[in-house]
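Bear in mind these aren't lab numbers, they're just calculated from the coordinates by the rules spelled out. All values reported here derive from a predicted model rather than from experimental measurement. Neighbour counts are summed over all protein chains in view; Cβ atoms, including those assigned to glycine, are modelled from backbone coordinates with ideal geometry.
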Amino acid sequence: MTSANRIKQDADYIFHELTRSICPECKAVIDAQVIIRDNKVYMRKRCPEHGWFEAIISSDAEMYVGSIRFNKPGTIPLDFSTEVVQGCPLDCGLCPEHKQHICLALIEVNTACNLDCPVCFADAGAGYSLTLEQVEFMLDRFVEIEGDPEVIQFSGGEPTIHPQLPEMIQAAKDRGIRQVMINTNGVRLARDDRFLAQMAALDPVVYFQFDGLREETYLTIRGAPLLDTKMRALDRLAEAGMTAVLVAAIERDVNTDEVGDIVEFGLKHPAVRGVVFQPVTHVGRHIEFDPMTRVTIPDIIHGIVDQTDGRFVLEDFVPVPCCFPTCQVNSYLFVDGDTVTPLPRLLDIDQYLDYITNRALPEPPNAADIQTALEGLWSASAVAGTEQTAGQFECACGPGLDLPYEVNHLKEHVFQIAIKDFLDAWTFNVKQVMKCCVGILTPDGRAIPFCSYNSVGYREEIREQLTLEQGRQKIQAISRDREDQA
Ligand code: SF4
Ligand code: SF4
Ligand code: SF4
């Protein structure tokens, strides 16, 4: 056949952009194409060694492309911890090429856990347990990097089984860090009165693992029947006057149909001031999955809209501009009895948070204050159930809406919904991690963007190093004891 007889074919996709990612097999940094097919967005990439990989990154291309407008100029941290040597993501961090400061820092105080979940991005188990001195050094470094740090979250493993967690929380408070959180499975809170009383006295916000209201969900994701324990822990938090944010890991064919019920449950429970949905990140331990059908942010938004009997519309969910806007969406609700009013119905948030196509702020004289308040709410540093968030909510509503509560009571009526799609080796996008605002603090003084830490190999490297160090120290201590006894 001559070329004159051949008919050119259109590709079945739109080439959206080129970025960099990593190979899911060997973690080598490789080019990646972002393509749009059938109104869905995919990442397609080729490792010279391991061949082609493709994964869905958004099930709604219109939402994905539209979110790009919500991209705010980053704020540069006061100090960096590494140099630019190999290029992103191999220089974490933060290196001077990073585009955003750390809004929310995590310290993983241990690797051990009192559960053994089949889904655990941290791959909890044997490893290390940080000392109070190490944590104090990391907190000091956080203050150096940030000046006025916003949020610290103690995580693990399971931080509540670390014997010095109360002292660590106090150390964070002593350094003036505005919000202190603990990230927990709730088991110890459900069972240990003394520990609960200690936590109530320190009053951190509890980032509470809560994947659904069906026992089968816990059996699949957590490997144990935990529903009663979760309910008991939440009721005890309410009795102790503490605040919780439900954190739900969502996996295809496990609990995608529970997102509406989780929101409804959270709205009614007296301890709960917000829900964070996280599509399961396929790093560490996870159950079998298909990268082409993994859960993405639009799946959860559509799920909430479809499963809550008309309470929400798609427009109630707005991308977060402080990180890369495809990473996270938020919504805020004013809750008064059975009346639930999403903040995006009260003002046109696009007008304030669209930094690309709409740069003229609206007319009201307090427009700049409203924008600042919205930037605070649409940030990884916004913690549900705090006076700061309630104050920002009140300011965003402006004088046009007279909220019937003082800020210290308003915080009980402001409810946050956040959806975060953490990156794994299938979906890793250098463009997103370069503007990441969530950092894992390490004992060597670094702050490593969360998705780099989990996907690129930093987690494994640091865990091995800390575990070895602790092993050596234990052996030295035993030798010293023996010498003393001899
Ligand atoms: S993610 Fe940020 S800190 Fe890490 S290498 Fe890239 S630019 Fe540097
Ligand atoms: S997911 Fe959390 S609770 Fe489960 S094993 Fe990992 S650290 Fe423990
Ligand atoms: S943690 Fe991951 S998903 Fe969140 S802002 Fe950073 S890069 Fe984006």
Could you tell me what percent of the DSSP beta bridges with both partners in region 10-68 are antiparallel, to the nearest 5?
100
Where only alpha carbons of region 124-233 are counted, the Rg and the Dmax (Å):
15.3, 45
Okay, helix-only estimate at 222 nm for the chain: each DSSP H run of n ≥ 4 adds -39500 (n - 2.57), divide by all residues, round to 500 deg cm²/dmol; what do you get?
-9500 deg cm²/dmol
Could you work out the local net charge near Ile14, counting Lys and Arg as +1, Asp and Glu as -1, over the other residues with Cβ closer than 13 Å to its Cβ?
-2
If you put +1 on each Lys and Arg Cβ and -1 on each Asp and Glu Cβ, how big is the dipole of the chain around its Cα centre, in Debye rounded to 20?
900
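Using the Cα atoms as the points, what is the convex hull volume per residue of region 10-68 in Å³?
Working: hull volume 5.0 nm³, N = 59.
Taking only Cα atoms, region 10-68 has a hull volume of 85 Å³ per residue.
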Which residue, chosen from Val305, Ala373, Ala112, occupies the Cα position most advanced towards the positive end of the dipole of the chain, where the dipole is computed from +1 (Lys, Arg) and -1 (Asp, Glu) charges on Cβ about the Cα centre?
Ala112
Using only the alpha carbons of region 184-284, determine the length spanned along each of the three principal axes and report them from longest to shortest in whole angstroms.
40, 25, 24
Centre separation in Å (Cα based) which lies between region 472-486 and region 309-356
58
Sorted peptide list for 25-31, 313-319, criterion being average Cβ within 10 angstrom, highest first
313-319, 25-31
Considering only Ser67, Thr256, Thr427, whose Cα is most displaced toward the positive end of the charge dipole of the chain, charges sitting on Cβ of Lys, Arg (+1) and Asp, Glu (-1)?
Thr427
Can you compute the modelled spin-label distance between Gln485 and Gln198, with each label point 7 Å from Cα toward Cβ, in nm?
2.9
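What is the calculated FRET efficiency for Thr372 to Asp338, with r their C-beta to C-beta distance and R₀ = 22 Å, to the nearest 0.05?
Details: r = 32 Å, r/R0 = 1.44.
My answer for the efficiency is 0.10.
With the Cα gyration tensor of region 146-201 giving a ≥ b ≥ c as the square roots of its eigenvalues, does the rule (a/c under 1.5 for rounded; else a/b larger than b/c for prolate; else oblate) give rounded, prolate or oblate?
On the way: a/c = 2.45, a/b = 1.84, b/c = 1.33.
Taking the square roots of the gyration eigenvalues as a ≥ b ≥ c, region 146-201 is prolate.
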Counting C-alpha atoms alone, how compact is the chain: give Rg to one decimal and Dmax as a whole number, in angstrom.
22.9, 94
Which whole-number value in Å³ per residue fits the convex hull of the alpha carbons of region 25-103?
123
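Rounded, prolate or oblate: which one fits region 287-345, using the alpha carbon gyration tensor with axes a ≥ b ≥ c (rounded when a/c is under 1.5, else prolate when a/b beats b/c, else oblate)?
Details: a/c = 2.89, a/b = 1.52, b/c = 1.89.
Verdict is oblate for region 287-345.
Determine, for His101, His409, His269, the number of other Cβ atoms within 10 Å of each Cβ, and report the residues in order from fewest to most. Walk me through the numbers on the way to the answer.
Values: His101 21, His409 11, His269 17.
Taking fewest neighbouring Cβ atoms as first place, the list is His409, His269, His101.
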Looking at the chain only, what percent of DSSP beta bridges run antiparallel? Nearest 5 please.
55
